[in-house]
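Colleague: If you scroll down you'll find the structure; I have some questions about it.
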Amino acid sequence: MQASTDFPKGHGKGPAKSNEIELQRNNSDGDPLKHQDSAIEGEVEDLDEANLYLRQHNITPEFIAGLLEDDVANKRVSRKVDLRLLPLLCGTYFLQFIDKQAVSYSAVFDLFETTGITGAQYSWLGSIFYFAYLIAEWPSAYLAQHFPTARVVSTYCFCWGSVMLITAATNNFAGFAAMRFLLGIFESVVTPAFMMIVGMWYMGKQQTARAGMFYCFNGFGSATGGILFYAVGYAKHFVVWKIIYIICGGMTVLWSVLLFFRLPDNIMSAKGFTTEEKALLIARAAKNRTGVYNRKIKLSQVWEALTDAQIWLLFVYVLLNEIINGGYANFGKLIIKDVVGGDPLRTTLLGIPQGFAQVFWVFTGPYLASRLPNARTYIMALYLCPTIIGTTLIWQLPRSNLAGCLAGYYMIGSFVGALVIALQFPASNVGGYTKRTTGTAFVFLGYCVGNIIGPQAFLAEEAPVYQTGVKTILGCAISQVVLSFAIRWLLAQRNSRRDREEVEGHQNVIASEPNTIEDITDFCNREFRYRL
């Protein structure tokens with residue numbers, strides 16, 4: 001694509017000499033596009049690909065600085081990105097949730113009767129998915145970074161849709177388990193890749209709300225799935241769970257074709273954006289101080305991610321969160337089925353409000369985190385409180401108390417609002433493209449392990465109370481509250497230390513080409529400030 005011809009005279013034409021876009025300034029204050037001395041520690045191996053794009057199109061920082069000050073242009077490009085990206089992200093998230101949860105809907109109907117699957121085997125169907133997710137998630141994140149992201153995501157989407165269709169041909173636990181394993185492999189790319197996409201296309205203050213927006217479609221998937229499969233439940237001459245899998249698989253395969261042609265790989269290669277709009281998007285992303293895009297895997301950044309205490313705390317936080325999810329997602333409907341006397345259609349109908357409740361939790365939590373400065377860790381703790389209350393209600397109330405048990409069931413889902421905020425931390429609080437990708441992948445290992453453990457806490461012999469599972473959820477939620485404050489303390493200490501260094505003038509500054517978008521980590525960039 002050629003440079004836009006409507007650049008102001010003297011801007012965007014002629015070689016960009018010593019002045020390039022700058023990434024290494026304060027994470028929340030100041031303009032990184034103004035001429036300032038570089039204050040970076042560590043070795044800079046190469047430039048971010050966004051900087052190379054600007055050089056190739058002879059775009060100067062003076063021109064981009066003008067774009068950043070144009071509120072109309074910023075609002076216009078934000079709306080354009082929302083319209084191009086969010087429907088694709090939301091639709092994919094909607095389908096991956098329905099496909100993943102098809103097994104729980106099937107269990108409400110005739111899965112056990114037609115396949116001979118037992119309660120203990122059903123627990124393993126929930127865990128097997130995440131064993132595969134655990135194995136494939138890191139390689140999938142690597143593929144999404146090293147190869148065109150959209151092509152990787154759309155190919156995976158086609159594959160898991162095909163797996164859903166093939167699952168309808170199985171008739172026993174072994175075949176079902178094999179298909180669940182393959183489903184976990186191909187769905188493993190979605191959330192890590194989407195967090196990377198949001199981190200690239202949006203400014204830091206926008207990222208949490210956008211991630212919450214597409215994550216809301218887990219809730220819409222739950223509600224819509226309940227409505228759809230309630231109707232399917234009236235089928236008289238077909239196996240209901242097979243119909244569920246055929247519908248889900250068919251929708252996903254068709255959607256993967258749309259993704260292939262419409263989802264952009266990155267800012268620089270995206271179709272439908274002018275060079276001027278891409279320059280503005282790169283500048284906006286550069287203000288995040290986390291790098292824009294670099295497909296080179298840097299082992300030093302991998303090691304730094306694995307030795308970062310922030311990443312480990314997030315790992316444990318997400319692991320505990322997903323222990324809750326693993327049990328709640330797979331056994332919540334079975335608990336409600338017991339409450340309503342075993343009626344599958346009524347169980348499905350009463351599960352619909354749970355989907356809308358989840359939309360509320362997932363939307364409001366990230367929205368508040370994006371609107372209230374440095375309050376993310378507080379909101380992560382706050383949104384576990386309804387989970388604690390709801391779990392206590394399910395545990396202590398008799399099953400004859402329908403209203404109380406349903407209220408508890410709907411309240412438990414608030415933990416997902418906290419999860420979305422935690423999953424967005426690496427995208428906005430970790431510098432260096434490889435470190436950010438590795439951190440995201442490592443946090444998702446906790447996501448997988450938690451979902452493997454969660455179903456195993458719900459023992460078949462303890463049905464319908466599942467006291468061990470309920471106590472496990474309660475303990476995990478309380479532990480996460482403590483971890484939220486531990487994460488806040490750690491990041492606040494880092495910010496305070498860097499503030500003191502700046503005031504005392506004791507920063508170690510190495511020679512570096514001034515004002516460049518460099519792929520450096522938050523540890524190396526001493527002017528990086530962490531969002532709390």
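The values are calculated or read from the model by the stated rules, or taken from the named source; none is laboratory data. Keep in mind the model is a prediction, meaning the values are calculated, not measured. Here the Cβ positions follow ideal geometry from the backbone for every residue, glycine too, while neighbour counts run over all protein chains shown. Side chains included, ligands, DNA and RNA excluded: accessible areas come from the protein's heavy atoms. Shrake-Rupley method; radii C 1.70, N 1.55, O 1.52, S 1.80 Å.
Colleague: Between 0 and 90 degrees, rounded to the nearest ten: what's the tilt of helix 240-262 against the longest Cα principal axis of the chain?
Modeller: Orientation of helix 240-262: about 10 degrees from the principal axis.
Colleague: Oh, and also: Just report the Cα centroid separation between the stretch 84-104 and the stretch 309-330, whole Å.
Modeller: Between the Cα centre of the stretch 84-104 and that of the stretch 309-330, the gap is 21 Å.
Colleague: Within the chain, what is the longest stretch that has no chymotrypsin sites (Phe, Trp or Tyr not before Pro) placed in a DSSP loop and near at most 12 other beta-carbon atoms within 10 Å?
Modeller: Between the exposed loop sites, the longest stretch runs 239-532.
Colleague: Near the amide H of residue 525, under 5 Å away, which other amide H atoms are found, from residues 5 or more places off or on another chain, if H is placed in the peptide plane?
Modeller: Residues meeting the criterion, in which the H sits 1.01 Å from N, are 41.
Colleague: Continuing with the same structure: Could you go through the stretch 182-197 in sequence order and give the Karplus-derived ³J(HN,Hα) for each residue, using 6.51 cos²θ - 1.76 cosθ + 1.60 with θ = phi - 60°, rounded to whole Hz, and x for Gly and Pro?
Modeller: 5, 4, x, 4, 7, 7, 5, 7, 4, 5, x, 5, 5, 5, 5, 5
Colleague: What percentage of the solvent-accessible surface of the stretch 309-455, computed with a 1.4 Å probe over protein heavy atoms, is contributed by carbon and sulfur atoms?
Modeller: Details: 3000 of 4110 Å².
Carbon and sulfur atoms account for 73 percent of the accessible area of the stretch 309-455.
Colleague: Quick check: at a probe of 1.4 Å, how many percent of the accessible area of the stretch 51-290 sits on carbon and sulfur atoms?
Modeller: That fraction is 69 percent.
Colleague: Further question on the same structure: Extension gain residue 389-residue 236, at 0.36 nm per residue separation less the Cα-Cα distance, in nm?
Modeller: Working: separation 153, 0.36 × 153 = 55.08 nm, distance 4.01 nm.
The span from residue 389 to residue 236 would gain 51.1 nm if fully extended.
Colleague: Roughly how many whole Å is it from the C-alpha centroid of the stretch 414-480 to that of the stretch 246-260?
Modeller: A separation of 28 Å, based on Cα centres.
Colleague: OK, next. Note the angle between two axes, namely the Cα long axis of helix 385-396 and the longest principal axis of the Cα atoms of the chain, as a number of degrees from 0 to 90, rounded to the nearest 10.
Modeller: 10 degrees
Colleague: Could you run the Karplus curve 6.51 cos²θ - 1.76 cosθ + 1.60 with θ = phi - 60° over the stretch 302-313 and give me ³J(HN,Hα) per residue in whole Hz, x for Gly and Pro?
Modeller: Running phi through 6.51 cos²θ - 1.76 cosθ + 1.60 with θ = phi - 60° gives 4, 4, 4, 4, 6, 10, 8, 4, 4, 5, 5, 5 Hz.
Colleague: Send over a whole-number figure in Å² for the accessible area per residue of the chain, probe 1.4 Å.
Modeller: Per residue, the chain has an accessible area of 37 Å².
Colleague: Moving on to the next point. For n ≥ 4 DSSP H runs only, could you compute -39500 (n - 2.57) per run for the chain, divide by its residues and tell me the 222 nm figure to the nearest 500?
Modeller: Helix contribution divided over all residues of the chain: -23500 deg cm²/dmol.
Colleague: Loop only per DSSP, at most 16 neighbouring Cβ atoms within 10 Å: give me the GluC sites (Glu not before Pro) in the stretch 49-147, ordered by residue number. List each step's numbers first, then the result.
Modeller: Values: sites: 49, 62, 69, 113, 137; in loops: 69.
Answer in residue order: 69.
Colleague: Angle check, please: helix 71-108 long axis (alpha carbons) against the longest principal axis of the chain (alpha carbons), in degrees 0 to 90, nearest 10.
Modeller: 20 degrees
Colleague: If you add up the charges near residue 222, with Lys and Arg at +1 and Asp and Glu at -1, over every other residue whose beta carbon is less than 13 angstrom from its beta carbon, what do you get? Let's see the in-between values first.
Modeller: Working: positive: 100, 333; negative: 99.
Taking every other residue near residue 222 into account, the sum is +1.
Colleague: In whole Å, how far is the Cα centre of the stretch 486-502 from that of the stretch 348-380?
Modeller: Here the two parts' Cα centres lie 28 Å apart.
Colleague: To continue, here is another question. By how many nm would the segment from residue 397 to residue 69 grow when fully extended, if each residue of separation counts as 0.36 nm and the alpha-carbon distance is taken off?
Modeller: Additional length available on full extension: 112.3 nm.
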